[in-house]
Every structure is written in C-alpha cells, then in structure tokens.
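Comments concern the structure below.
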Amino acid sequence: MMIDYHMHLERGPFDENWWLKFWEEEKKKNIQEIGITEHGHRFKEFRPVYDHIPITAPWCDSNLEEYREFTTFLKEKYKIKVGVEMDYFPEKEKEIKELLEEYNFFDYVLGSVHFIDHGFGFDIDPNDPRWTENDMEEIFEDYFDKVEKMIKSNLYDIIAHLDLVKLWGGRNPKNISSIYERISKVIISSQMSLELNTAGWRKPVKELYPSPEFLKIISSYNIPLTFGADAHTPEDAGRDIEKAYQIAKDLGFKKISIFEKRKKILIDLR
Ligand SMILES: [Zn+2]
Ligand SMILES: [Zn+2]
C-alpha cells in the first residue's frame with residue numbers, strides 16, 4: 001500500500017475544491033492513504049512553541065478548531081489521516097508536550113527541525129549570510145544535535161525529512177558518515193518511524209531525504225518507514241512516492257507504519 005503522509009494545504013483555503021486538486025493528483029499516482037500535515041506554526045494555539053522565532057509570527061493564519069472541523073468533514077468522504085508537522089525546539093519541550101496533549105485529534109505528529117541555534121531558519125533562504133559566516137561543519141553539527149534531541153524527546157511519531165540541512169546542495173562536512181552512524185543508533189533505540197521525503201529531489205540538492213548514503217546505514221536496522229511528498233501545491237501531491245518505495249525495497253526495508261490517533265500499526269512494505 002502506498003501512503004503519502006506529508007502534505008500542506010496552507011497556500012489555499014480550508015475548502016473542499018482546493019483539497020480535491022491534491023486528492024485527484026494522489027489518486028492518479030495510486031496513493032492509497034493520504035495524510036494532511038499542516039505546519040504547527042499556522043495555528044494560534046501553538047504560538048507558545050514559536051513565540052521566540054519572530055519570523056513565524058506572520059505565518060500564523062489559522063486556528064486548530066478550523067483545521068479540526070475541516071478535516072473531520074473530509075474524513076467522512078475520503079480515506080485520509082490528519083497530522084501536524086510540529087517543529088522541535090529543545091527549550092520548548094514542555095510546551096510541545098502540553099499542547100499535543102491538549103489538542104489530541106491528530107493521527108500522528110511529524111517531528112521537524114527547521115530552526116537551529118539563534119533562530120536560524122536554514123531552509124528559508126540560501127543567501128542568508130549565516131550560511132557563509134559559519135562553518136558547514138558547525139551548521140550540520142547544530143542541526144543533527146537538534147535532530148538527536150528531537151528523537152530522544154519522545155514527543156513525535158515520525159522523523160520528517162531527516163537530513164533537511166543539506167537542501168541547498170554544496171559540500172557535506174568531512175565527518176558526515178560518523179554523524180549518520182550516530183543518528184542511526186539514536187533512531188533504532190527510539191519508537192519513531194522514519195519518513196522518506198521526496199521533496200529533496202525538487203530542491204537544489206536533488207536528493208531524497210534522507211540521502212542514499214544515510215539510508216544505506218539505516219537500512220541495516222529494522223526501522224519502519226513512512227513516505228511523504230511534502231506537497232505545498234497540487235502538482236507535487238504524491239510526487240515520486242513510487243520511486244521512493246522502490247528505493248526502500250531495494251535497500252531491504254520491510255515495514256511501513258500507518259497511524260490512527262497516534263497508535264502505530266506496522267504493515268509490510270510492498
Ligand atoms: Zn518541513
Ligand atoms: Zn512539510
């Protein structure tokens with residue numbers, strides 16, 4: 001069964017016609033189960049998680065009641081799951097935990113690191129001066145330090161776009177293999193599922209998240225996967241999911257996770 005568990009409707013309204021454009025594209029690509037995962041930063045109830053990152057303030061354009069109502073309506077007509085893509089900040093673990101307990105209508109929660117030390121949102125602008133002011137080694141180390149803490153926090157179900165920090169391309173730090181080894185061990189001792197996110201193929205790096213080298217290391221452990229196209233527009237819905245499935249099978253992964261009300265169900269990858 002093919003799943004696409006990472007999708008954003010944020011560029012349009014919570015409206016069935018807008019949703020249908022995504023849905024029809026997914027059907028064309030034979031995706032059987034779809035998860036909508038709006039960004040946590042959109043919702044006013046989640047502001048306590050984001051209030052230290054000023055750039056996110058104008059991104060807050062909705063509330064969870066609207067999201068819950070709209071997706072409840074969709075669930076009556078379409079085979080979908082409802083999730084949220086929630087950022088991880090080490091200093092906000094308490095807020096994230098409390099808010100996810102309070103707003104508990106999600107089938108699963110994607111854990112993402114988009115911001116590293118000093119509020120550097122590294123995936124926003126390739127020309128951000130911080131890319132040249134800092135060593136690539138330091139940026140990667142900082143990013144994977146956050147990822148490691150996120151995995152250990154036990155707050156999330158799925159690790160989203162595991163090596164997002166590479167998105168602009170260019171060279172990897174010299175110690176990248178040891179970082180991959182370290183993070184793989186952290187994943188195996190967690191309960192989390194790992195997302196194969198195809199959006200990397202549409203970014204300058206032109207590579208799946210996680211990279212083939214990283215995936216090869218992880219594939220020696222029996223980690224369940226999810227798949228996500230991370231579409232923000234209908235054309236990208238379900239994009240390259242089939243290709244990612246093939247890579248996962250070729251590497252010997254055996255299981256995928258599907259979720260219901262944050263309960264993980266393992267099924268065979270095929
Ligand atoms: Zn993301
Ligand atoms: Zn996303």
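Residues that are surrounded by 15 or more Cβ atoms within 10 Å (Cβ to Cβ) and not polar (S, T, N, Q): find the helices (runs of 4 or more DSSP H) completely inside region 76-167 holding 3 or more of those.
Filter on region 76-167 gives 93-102, 136-153.
Kindly indicate whether any position in region 85-96 is within 25 Å of F43 (Cβ to Cβ), more than 16 Å from ligand 1 (Cβ to nearest atom) and without any contact (Cβ under 8 Å) to a residue 40 or more places away in the chain.
Scanning region 85-96 turns up at least one residue that is within 25 Å of F43 (Cβ to Cβ), more than 16 Å from ligand 1 (Cβ to nearest atom) and without any contact (Cβ under 8 Å) to a residue 40 or more places away in the chain.
Scanning for something at pLDDT below 95 and under 27 Å from E101 (Cα atoms), does region 156-163 turn up at least one residue?
No, region 156-163 has no match at all.
Within region 44-74, work out how many residues are crowded, with 16+ Cβ neighbours inside 10 Å and closer than 13 Å to E95 by Cβ.
5
Answer yes or no: is there a residue in region 89-112 that is more than 19 Å from M192 (Cα to Cα), within 16 Å of ligand 2 (Cβ to nearest atom) and not acidic (D, E).
Scanning region 89-112, I find no residue that is more than 19 Å from M192 (Cα to Cα), within 16 Å of ligand 2 (Cβ to nearest atom) and not acidic (D, E), so the answer is no.
Looking at region 5-28, I want the residues that are modelled with pLDDT of 95 or more and have a partner that is aliphatic (A, V, I, L, M) and within 16 Å of ligand 1 (Cβ to nearest atom) with Cβ atoms under 6 Å, at least 6 apart or on another chain. Which pairs are those?
That search, which allows pairs on different chains as well, returns M7/I36; M7/A231; F22/A237; E25/A237; E26/A237.
Applying the selection to region 97-119, what residues are closer than 19 Å to Y209 by Cβ and away from ligand 1 (no atom under 14 Å from the Cβ)?
Hit for region 97-119 is Y108, nothing else.
Mind checking which strands (runs of 3 or more DSSP E) fall wholly inside region 219-270 and carry at least 3 residues that are within 22 Å of F22 (Cα to Cα)?
Once the strands (runs of 3 or more DSSP E) in region 219-270 are filtered for at least 3 residues that are within 22 Å of F22 (Cα to Cα), what remains is 225-228, 255-260.
Considering only region 8-33, state which residues are out of contact with any helix residue (DSSP H, G or I) (no Cβ under 7 Å at 6 or more places or on another chain), more than 16 Å from ligand 2 (Cβ to nearest atom) and assigned to a helix (DSSP H, G or I).
Listed by number, the residues that qualify are E16, N17, W18, L20, W23, E24, K27, K28.
Select from region 126-180 the residues that are among the hydroxyl-bearing types (S, T, Y) and over 15 Å from the mean Cα position of the chain (by Cα) and list them in ascending order.
Listed by number, the residues that qualify are T132, S153, S177, S178, Y180.
The values are calculated or read from the model by the stated rules, or taken from the named source; none is laboratory data. Small disclaimer: the values here were computed from a predicted structure and weren't measured. Glycine also receives a Cβ, built like all others from the backbone with ideal geometry; neighbour counts cover every protein chain displayed.
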